[in-house]
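A.B. asks: What follows is a structure written as structure tokens; I'll ask about it next.
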Amino acid sequence: MRIAVFATCLVGTVMPRAATATVRLLERLGHTVDLPAGQACCGQMHVNTGYGPEAMGVIRNHVRTFAPVLDGRWDAIVAPSGSCVASTRHQQADVARRGGDGRLAHTAEQVAAHTYELSELLVDVLGVTDVGAWFPHTVTYHPTCHSLRLLRVGDRPVRLLGAVEGLELRDLGEAEQCCGFGGTFALKNAETSAAMVADKADEIQATGAEVVTAGDWSCLLNIAGALDRRRSGVRAAHLAEILASTRDEPWQGAAL
Amino acid sequence: MTGPTVREEMLARVRTALGPQPPAPAGVPRDYRRTGTLPRGSAEALDLLADRLEDYRATVVRSTDDVAAAVAALLADVDSVLVPDGVPEDWLTGLTGTVRDAPPLSHDQLDNVAAVLTTCRVAIAETGTVVLDGGPGQGRRALTLVPDRHVVVVLADQVVHAVPDAVAVLAAHPHRPLTWISGPSATSDIELVRVEGVHGPRDLRVVIVAAPTGGGTLTASRT
Amino acid sequence: MSTFLGMPTVRPHPADPPGAPLRWGPSFPEAAHQTLRDEQLRANLRTATRTIRDKRRRVTAELGDWEQLRDAGAAIKADVMARLPELLTELEANVTAHGGVVHWARDAAEANAVVTEIVRAAGAREVVKVKSMATQEIGLNDALAAAGIDAVETDLAERIVQLAGDMPSHILVPAIHRNRAEIQEIFTHRMGDAPAGLSDEPRELAMAARAHLRARFLRAEVAISGANMAIAETGTVAVVESEGNGRMCLTLPRVLVTVMGIEKVLPTFTDLEVFLQLLPRSSTGERMNPYTSMWTGVTPGDGPSEFHLVLLDNGRTRALADELGRPALHCIRCSACLNVCPVYEHTGGHAYGSVYPGPIGAILTPQLLGLGEEGGPFGAHDPTGSLPFASTLCGACYEACPVKIDIPSALVHLRERSLHPDGGHPPTATDLAMVGAARVLASGRLLRLAGWAAALVGRATGGRPIHWLPWPGSLWTRVRDVPGLPRRSLSAWWRDRQGWSR
Ligand code: SF4
């Protein structure tokens, strides 16, 4: 398959390792991967913060960049982020329509129909759960709210992790509780967010796992930031990073 | 109290809010269970009712023929039992100290009665609910509220499985005052600790009658 | 709230006497700054919300058709909104036909005046009340007090809140912020007739409340209630409760006044089969609540001989006018969304500064108060304008809501309203920053540039975590590190690998 990777704005700038892992993983599985140059952001941060009208240009850029999927340039689009995929599916068209651009809304819907979160792409489209990864660590998985409730990825990530050689999965207590990130919520309601992520970090430490993983670097940034601050020693890895890790090319954390 | 202008203005506001093209009335999908799966009055329905009532800490007695004995046993320790009109006379044979609501008792008089014995209109097995609608043997609402013990006799063919079954029964007389009772009164207001028995009767006792008694004269259709 | 000069040990929550019951106090973040420090409150809330949400999960899982019931509930409510004028007049006609009197009130003041007048006409100086959100919302107790009428709350938690001089902090369990020791304290010092040596056992406390209220029930001439629903087709009004205080109020007094928001009407008697399943299981996590009372007008010889139904607008038509915000009016006040909300669990209800706290409060309160209307509240720092921002949009509320109110989408919509009020406003620094950010995020070239700059910093910091940033980054770094930045940008990595695709 020819697959376009939408890195997302956050991964594209500050956490490229999730994007590079996605590329390496898909290529290892025998697919042709592209990283379209015009890509930037899905518009989620603006929309969720109440700047829907201001997000029109952002959405237009995203849809324009990935519209070639409709002409068969790629077979699918994948993003290593549940919330960005949710935004393309559940927000972009609505915002465009309210902004008076019906054509953009229509195209956004069509592009979104070809857009998948990583675990969805692997399990549903490519039909694999064992991706041949090797990750000799204890791991706990935090289901991020948007992949859990908006995308309903269910146990796909856990099935993928379960097939990784050497990986020992530890159950996370109160797993479905939000980590307190919420985009600009972490700044606008900094103290509440801090109290929430403290609970999440407690639960993660209680598992005794070496690594915490999730399908979204945004939530992981919050969780890892709190874990680092308390010198917990727990490291954070995106699901893609774990699945990309092999004996030949083992996970190296922050190194790029 | 309020002039027609307030009423008219509020209705006008509602119409304005809905806009020049009000949304079309929504179709309501009713593909939830419209009827229970357990047949009315079946042994399974009765068992479920008993189980759910006990779950709420109501006292449950199963009876097949001798309702009077069951009732007498549940009321043996009280000296006054209020009996609304329409409770079958043959249930009362073992009782002493029955009190009638004629002429109507005052609130204070009711407060001095120890217990009340009634029939019911319908019972919902799945939720452990007994419903009174003021029909014969049930009395006015205050009678089953002020006395501290409520003994209610539920006949087999009054027991339905699910909530929609009961609503269908009650819809025959929707204007009657209805009281749905599921266990004794309770509160969870203090640290979510459930405490049974607050203002309503603290003691709910239910006689579930499995078979027609007294020559089969008792049926739920008496209302 | 009445003022008490009781023992100093009982301090009201919130400490400052609130203004309007629909919105008092500072913005959400400022109020949360206070409540987050109350360790006792957080411990109470944590246990309470977890208990209740586990119960709810169990009893909703028990019904195989739960999702179908939710779909039906949502559709019935949408239908009600679409046909509200005709349903209200139908309800009015049927209540009147059965001997009731229907009143209409555009706002709190009108509703309070109507109720006060009815109580006066009945010659009563004391009324008993069933817990009701609508009468909380309009501040009825204060209005009655001003007219020399003592309104006695009879729901246990509501009585605790009233005696303590508190505001409620939860829709269903208004005294959830008080633990047993505090309640013992409140009863001992404020109840007037508390038994000597009262312990802090919940049973004993509940029995003390029973004794305290019993005489009041038996002598009351007038009762005031809210309504969980009212059936247009029959004129039947329903109140769902647990303690029996509702039955007492609805049955014993001679005069009954019910104050009901106009959105509570339901079309048909059959609709009860949906809501009497959705409501108890969602709110208390029971298969059925102990008592549900329904009545139609007056019934000769049974219950009150005078019945008044007050239909209340108080901002509801404002909410109705907003197509995207309208679903907030579908709410059946079950409080499931509060119990699953991680923000509520941490901040408690008082941070929302309204009788409607939690996720539903964050959308309903601003709408009732006309957020974004010309001359109305707006902006992320305004007390009302800040409410829609008090959420991470995690979606737990939407998942729990028995009538499927998409609270996250409504929150996003109201954030937009808050920041783009009718008539405009001079741009704030945040507005300008977001407009600037939008330009970067709309351009692959500019974002690559940003990635390149991040890598520059990454190399300068050796890829190590960052512990400190200047404001506004400090809001982040106060409790978290910023994980180390990459030493090479994504675009550089990709270019070396195979070149950007055209
Ligand atoms: S919004 Fe939904 S979950 Fe929240 S109180 Fe209302 S009905 Fe219940």
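A.B. asks: Give me the Å³ per residue figure for the convex hull around the C-alpha atoms of chain C.
C.D. replies: Working: hull volume 92.4 nm³, N = 502.
Convex hull of Cα atoms, per residue: 184 Å³.
A.B. asks: To continue, here is another question. With each pseudo-label sitting 7 Å past Cα toward Cβ, what's the C:R125-A:R2 distance in nm, one decimal?
C.D. replies: The answer from the label model is 8.9 nm.
A.B. asks: How about segment C:89-107: which of its residues lose at least 50 Å² of accessible area in the presence of all protein chains relative to their chain isolated, using a 1.4 Å probe?
C.D. replies: Buried on complex formation: C:W104, C:R106.
A.B. asks: Another question, if that's okay. What is the magnitude of the charge dipole of segment C:443-497 about its Cα centre, with +1 placed on the Cβ of each Lys and Arg, -1 on the Cβ of each Asp and Glu, and no other charges, expressed in debye to the nearest 20?
C.D. replies: 160
A.B. asks: Given labels modelled 7 Å from the Cα in the Cβ direction, how far is it in nm from B:D47 to A:D71?
C.D. replies: About 6.9 nm separates the two model spin labels.
A.B. asks: Still on this structure, please answer the following. Would you mind getting the accessible area per residue of the protein assembly as shown, heavy atoms of the protein chains only, 1.4 Å probe, in Å²? Each step should come with its number before you reach the end.
C.D. replies: Values: 33850 Å² over 981 residues.
Accessible surface, normalised per residue, equals 35 Å².
A.B. asks: Hey, any idea what % of segment A:138-244's accessible area is carbon plus sulfur with a 1.4 Å probe? Can you show the working numbers first?
C.D. replies: On the way: 1580 of 3350 Å².
In segment A:138-244, the share of accessible area belonging to carbon and sulfur is 47 percent.
A.B. asks: Follow-up question, since we're still on this one. Report Rg(Cα)/(2.2 N^0.38 Å) for segment A:138-244, keeping two decimals. Before the final figure, lay out the partial values.
C.D. replies: Numbers: Rg = 13.0 Å, N = 107, 2.2 N^0.38 = 13.0 Å.
For segment A:138-244, the normalised Cα radius of gyration is 1.00.
A.B. asks: Tell me the total accessible area that C and A bury against each other, 1.4 angstrom probe, in square angstrom rounded to 100. Don't skip to the end; give the middle numbers.
C.D. replies: Numbers: alone 23470 and 11470 Å², together 28860 Å².
Buried area between the two chains comes out at roughly 6100 Å².
A.B. asks: Just tell me which lysines come within less than 20 Å, Cα to Cα, of C:K264; anything on the same chain fewer than 8 places away is out.
C.D. replies: C:K77, C:K129, C:K131, C:K404
A.B. asks: Work out the mean other chain Cβ neighbour count within 10 Å for the residues of C:300-306 and drop it here as an integer.
C.D. replies: On the way: counts 1, 4, 9, 5, 0, 0, 0.
Whole-number average of other-chain Cβ neighbours for C:300-306 is 3.
A.B. asks: Let me ask something additional. Helix-only mean residue ellipticity at 222 nm, chain C, DSSP H runs n ≥ 4 weighted -39,500 (n - 2.57), per residue, nearest 500. What is it? Please list the in-between numbers first.
C.D. replies: On the way: 22 runs with 233 residues, N = 502.
Result for chain C: -14000 deg cm²/dmol, rounded to the nearest 500.
A.B. asks: Let me ask you something else. With heavy atoms of protein chains only and a 1.4 Å probe, what residues of segment B:106-138 have at least 10 Å² less accessible area in the full set of chains than alone?
C.D. replies: Hits at the 10 Å² cut-off: B:H107, B:D108, B:D111, B:E126, B:T127.
A.B. asks: Mean separation of Cα pairs under 8 Å and 6+ residues apart, divided by the residue count of segment A:2-125: what relative contact order is that in percent?
C.D. replies: Working: 185 pairs, mean separation 34.5, N = 124.
Relative contact order for segment A:2-125 comes out at 28 percent.
A.B. asks: Determine the shape class of segment A:66-148: with a ≥ b ≥ c the square roots of the Cα gyration tensor eigenvalues, call it rounded for a/c under 1.5, and otherwise prolate if a/b is greater than b/c, oblate otherwise. Write down the numbers at each step before the final one.
C.D. replies: Values: a/c = 3.97, a/b = 1.78, b/c = 2.23.
It comes out oblate by the Cα gyration axes.
A.B. asks: Here's another thing I want to ask about it. Report the far tail of the P(r) of the protein assembly as shown, meaning the percent of Cα-Cα pairs longer than 54 Å.
C.D. replies: Values: 105394 of 480690 pairs.
Considering the protein assembly as shown, 22 percent of its Cα-Cα pairs are separated by more than 54 Å.
A.B. asks: Next question. Relative to the longest principal axis of chain C, what angle (0 to 90°, nearest 10) does the C-alpha long axis of helix C:358-368 take?
C.D. replies: Orientation of helix C:358-368: about 80 degrees from the principal axis.
A.B. asks: Determine the sum of side-chain charges near B:V60: Lys and Arg each +1, Asp and Glu each -1, restricted to other residues whose C-beta is under 9 angstrom from that of B:V60.
C.D. replies: Values: positive: B:R62, B:R205; negative: B:D51, B:E54.
Taking every Cβ under 9 Å from that of B:V60, the sum is 0.
A.B. asks: Which residues in segment A:196-216 place their backbone N less than 12 Å from a point set 7 Å from the Cα of A:R230 along the Cα-to-Cβ direction?
C.D. replies: Once the point is set 7 Å along Cα→Cβ of A:R230, A:196-208 turn out to lie under 12 Å by backbone N, inside segment A:196-216.
A.B. asks: Suppose R0 equals 30 Å; then what is the FRET efficiency for C:A429 and C:R478 from their Cβ-Cβ distance, rounded to the nearest 0.05?
C.D. replies: Values: r = 20 Å, r/R0 = 0.67.
Step by step, r from the Cβ atoms, then E = 0.90.
A.B. asks: Quick one: which bits of segment C:59-77 get at least 30 Å² less accessible when the partner protein chains are in, versus the chain alone, with a 1.4 Å probe?
C.D. replies: In segment C:59-77, residues shielded by partner chains: C:D65, C:Q68, C:A72, C:A75.
A.B. asks: Post the alpha-carbon centroid distance, segment C:71-88 to segment B:36-57, in whole angstrom.
C.D. replies: Value for the Cα centre distance between the two parts: 33 Å.
A.B. asks: Roll a 1.4 angstrom probe over the protein heavy atoms and tell me the percent of accessible area of segment B:35-222 that is carbon or sulfur. Show your work: numbers first, answer last.
C.D. replies: Values: 3240 of 6380 Å².
Ligands and nucleic acids excluded, carbon and sulfur reach 51 percent.
A.B. asks: Also, quick follow-up: With a 1.4 Å probe, how much accessible area is buried between chains B and C, both sides summed, in Å² to the nearest hundred?
C.D. replies: On the way: alone 12420 and 23470 Å², together 28450 Å².
By this definition, chains B and C bury close to 7400 Å².
A.B. asks: Taking 0.36 nm per intervening residue step and subtracting the Cα-Cα distance, what contour gain separates C:A147 from C:A43 on full extension? Provide the component values of the computation, followed by the final result.
C.D. replies: Numbers: separation 104, 0.36 × 104 = 37.44 nm, distance 3.98 nm.
Working it through step by step, the gained length comes to 33.5 nm.
A.B. asks: Over segment C:443-497, what portion of Cα pair distances is larger than 17 Å, expressed as a whole percent?
C.D. replies: 46
A.B. asks: Given A:I59, A:A237, A:V85, which one lies farthest toward the positive end of the charge dipole of chain A, if we put +1 on the Cβ of every Lys and Arg and -1 on the Cβ of every Asp and Glu?
C.D. replies: With unit charges placed on the Cβ atoms, the residue in question is A:I59.
A.B. asks: Moving on. Calculate one ³J(HN,Hα) per residue across segment B:34-42 by plugging θ = phi - 60° into the Karplus curve 6.51 cos²θ - 1.76 cosθ + 1.60, and present them in order as whole Hz with x for glycine and proline.
C.D. replies: Ordered by residue, 3J(HN,Hα) equals 7, 9, x, 8, 7, x, 3, x, 5 Hz.
A.B. asks: What residues have an amide H closer than 5 Å to that of C:T236, excluding those fewer than 5 places away on the same chain, when H is modeled at 1.01 Å from N in the peptide plane?
C.D. replies: Here the answer is C:I231, since their amide H atoms fall under 5 Å of that of C:T236.
A.B. asks: Separate question: Any idea what Rg and Dmax come out to for segment A:2-125 if you just take the C-alpha atoms, in Å?
C.D. replies: 13.7, 43
A.B. asks: I'd like the carbon and sulfur percentage of the solvent accessible area for segment C:83-225, probe radius 1.4 Å, heavy atoms only, ligands and nucleic acids excluded. Write down the numbers at each step before the final one.
C.D. replies: On the way: 2190 of 4410 Å².
Ligands and nucleic acids excluded, carbon and sulfur give 50 percent.
A.B. asks: Then there's this: Give me a single rounded figure for C:383-395: the average over its residues of other chain Cβ atoms within 10 Å of their Cβ.
C.D. replies: Details: counts 0, 0, 1, 2, 0, 1, 8, 5, 6, 16, 12, 15, 7.
For peptide C:383-395, the averaged partner shielding equals 6.
The values are calculated or read from the model by the stated rules, or taken from the named source; none is laboratory data. Quick caveat: nothing in here was measured; it's all calculated off a predicted structure. No Cβ is skipped: glycine too gets one built from the backbone with ideal geometry, and neighbour counts run over all protein chains shown. The area values use the complete protein model at the heavy-atom level, side chains included, leaving out ligands, DNA and RNA. Shrake-Rupley method; radii C 1.70, N 1.55, O 1.52, S 1.80 Å.
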